[in-house]
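Read the structure below first, then the notes.
The values are calculated or read from the model by the stated rules, or taken from the named source; none is laboratory data. Predicted, not measured: the structure shown is a model, and the values here were computed from it. Cβ coordinates were reconstructed from backbone atoms using ideal geometry, including for glycine residues, and neighbour counts include every protein chain displayed. Please note that ligands, DNA and RNA were not included when accessible areas were found on the heavy atoms of the full protein model with its side chains. Shrake-Rupley method; radii C 1.70, N 1.55, O 1.52, S 1.80 Å.
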Amino acid sequence: MSRHTLFAIIPGLLLFLAAGHVPAQMYKYQDENGVWHFSDSPPPSDQRRRHPSQEGPSSSNKKQVIIHQQGKDDAPIFEASNTLPMPIQLEFSATQMKNMRAVPPLPLRKVIPAGSREPLTRFEKIDPDAPWGYTYRTRFIPGDPAAEHLTGKPYLPPFSSHKEFSIAQAFNGETSHNAHALTRYAIDIPMPADSTVHAARSGTVVEMQTGKLSPKRRRKTFYVRILHRDGTFGLYAHLLPDSVKLFTGMTINRGQVIGRLGSGAEESSPHLHFAVQKNVGMQLESIPFEFTSLEGIPQTPKTGLLLRHPL
């Protein structure tokens, strides 16, 4: 069972059979393009792989979102398991339905809490004697769209106490932040390589990986994503992977060390890329936030603003 990234589309399933003729054995496999197939012919040996609904709990220890299909092939029942340490919003849609209907109807969107298994929908034939078939596709986004950003407590500058650094690129930064909603309200803080990066707000570590900060970016970088109690996420990027001594599901306190800054990213000088994000209608977006000043006064990030750590 493969691990799906936070923005991956879970491949759709394809099934077309004539009524009254059900093969003795059905093969379920994933092709080289990542699409799951139902067929009465065995797949190529290099493509054969079990469908997620057939996988046992011991098949993988990677945390993921799993689509379970139960019941008969012509009357399937679908459920979703979210083993990630954060809620997700899952979208289930049908791309083709032949003599089939979904109950409840599609498309549907549903929030699946962390560590839970929830029912989605079931398919049934409209005419029991007519040919039937269907295709469907699912995708998920981290976070609950109903989350409301807690603005009453400004964020702590994400570096060591008694330090001070200026913001090089703030909201809607023309250098690299205004091309995508994921980075529109991100900031860049130049810091010496190997500087320690600290949590700006308490939360739960939900993701640590190397990836792009937005589809517009050319290169990948190592980042940590932390789920806050209000349902938003804090993103800390351009970190040294070996310096991050955390684990997913771990509680982290405000001011606690996350890791150390790398030597550079995307051909630029060392800097911390920081953003607060939330799920906005099946799309993860960055949102405005405030830092606390040396005097404890909220301040909006602006290019050139000197951040002084209050602790």
Order ILE187, ILE66, ILE126, most accessible first, counting only protein heavy atoms with a 1.4 angstrom probe.
-> ILE126, ILE66, ILE187
Sticking with the crude label model, points 7 Å out along Cα→Cβ, report the distance from ASN253 to GLN96 in nm, one decimal please.
-> 5.8 nm
Filter the cross-link list LYS72/LYS212; LYS153/LYS245; LYS212/LYS245; LYS163/LYS302 down to pairs whose alpha-carbon distance in this structure exceeds 30 Å.
-> LYS72/LYS212
Name the shape class, rounded, prolate or oblate, that the alpha-carbon gyration tensor gives for segment 159-223, where a ≥ b ≥ c are the square roots of its eigenvalues, rounded holds for a/c under 1.5, and otherwise prolate holds if a/b is larger than b/c and oblate otherwise.
-> oblate
Stretch LEU305-ILE126 to full length: gain in nm at 0.36 nm per residue minus the Cα-Cα span?
-> 58.1 nm
State in Å² the accessible area per residue of segment 118-226; use a 1.4 Å probe, count heavy atoms of protein chains only, and round to the nearest integer.
-> 44 Å²
Taking H as built 1.01 Å from N, whose amide H comes closer than 5 Å to the amide H of ASN178, not counting residues under 5 places away?
-> GLY173
Per-residue SASA entry for ASP73, accessible area with 1.4 Å probe, Å² rounded to 10 = 40 Å²
With a 1.4 Å probe and every protein chain left in place, tell me how much accessible area ASP129 has, in Å² to the nearest 10.
-> 130 Å²
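As a test of understanding, state the convex hull volume per residue of segment 176-306 from its alpha carbons, in Å³.
For segment 176-306, the hull spanned by Cα atoms encloses 115 Å³ per residue.
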When all Cα-Cα pair distances of segment 219-288 are considered, the percent exceeding 20 Å is 34 percent
Rounded to the nearest 10 Å², the accessible area of LYS98 at probe 1.4 Å | 100 Å²
Over segment 179-239, relative contact order from alpha-carbon pairs under 8 Å, at least 6 apart, % = 28 percent
Counting only protein heavy atoms, what percent of the accessible surface of segment 72-195 is carbon or sulfur at a 1.4 Å probe?
-> 50 percent
